[in-house]
Amino acid sequence: SERVMRVEELVRLAGALATLPGEQREVIELHHLKGWPIADVAESMKRTKPAVMGLLFRGQKRLRELLQESGEA
């Protein structure tokens, strides 16, 4: 039962992540899923650290909204 719930959560997360704009999704994938530091993400994307932090903040906020919406459905 717990495993099924975990799989369902991961499916919801993957679906929500796929709907994010490209750069927001990339920042979240690199930082949270691959564990890259912000500085490395910024260098890889040729963006400043503040720009990457803004993308990360907005992406995380949107993910929370999407997951909350899909949890209510």
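The values are calculated or read from the model by the stated rules, or taken from the named source; none is laboratory data. Nothing here was measured: the structure is a model prediction, and the numbers come from that model. Don't worry about glycine lacking a Cβ; one is built from the backbone with ideal geometry, like all the others, and counts go over all protein chains shown. Ligands, DNA and RNA are stripped out before the accessible areas are found, and what is left, the full protein with its side chains, is counted by its heavy atoms. Shrake-Rupley method; radii C 1.70, N 1.55, O 1.52, S 1.80 Å.
I'd like to know if the range 47-60 contains one or more residues that are among the aliphatic types (A, V, I, L, M), at pLDDT below 95 and surrounded by 11 or more Cβ atoms within 10 Å (Cβ to Cβ). Reasoning before the result, please.
Let us first name the residues in the range 47-60 that are among the aliphatic types (A, V, I, L, M), namely 51-53, 55-56.
From the residues that got through so far, the ones that are at pLDDT below 95 too are none.
For the range 47-60, residues among the aliphatic types (A, V, I, L, M), at pLDDT below 95 and surrounded by 11 or more Cβ atoms within 10 Å (Cβ to Cβ): absent.
I need the helices (runs of 4 or more DSSP H) fully contained in the range 1-66, keeping only those with at least 2 residues that are free of Cβ contacts under 8 Å to residues at least 60 places away in the same chain and small (Gly, Ala, Ser). Outline the logic, then answer.
Numbers: elements: 2-19, 22-28, 38-45.
Correct list: 2-19, 38-45.
Tell me which residues, restricted to the range 1-18, are surrounded by fewer than 11 Cβ atoms within 10 Å (Cβ to Cβ) and within 10 Å of the chain's Cα centre (by Cα).
Once the filter is applied, which keeps residues that are surrounded by fewer than 11 Cβ atoms within 10 Å (Cβ to Cβ) and within 10 Å of the chain's Cα centre (by Cα), the range 1-18 yields Ala14, Ala18.
Yes/no matrix, rows are residues, columns are (1) in contact with a His (Cβ under 8 Å, 6 or more places away or on another chain); (2) of a type in the set (A, V, I, L, M):
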residue: Glu8; (1), (2): no, no
residue: Leu20; (1), (2): no, yes
residue: Glu26; (1), (2): no, no
residue: Val41; (1), (2): yes, yes
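How many residues does the range 19-34 hold that are open to solvent by 60 Å² or more (accessible area, probe 1.4 Å) and not basic (Lys, Arg)? Talk me through it step by step, then tell me what you get.
The initial filter retains those residues of the range 19-34 that are open to solvent by 60 Å² or more (accessible area, probe 1.4 Å), namely 19, 21, 23, 25-26, 29, 32-34.
Pick out the ones that are also not basic (Lys, Arg) and you get 19, 21, 23, 26, 29, 32-33.
Here the count works out to 7.
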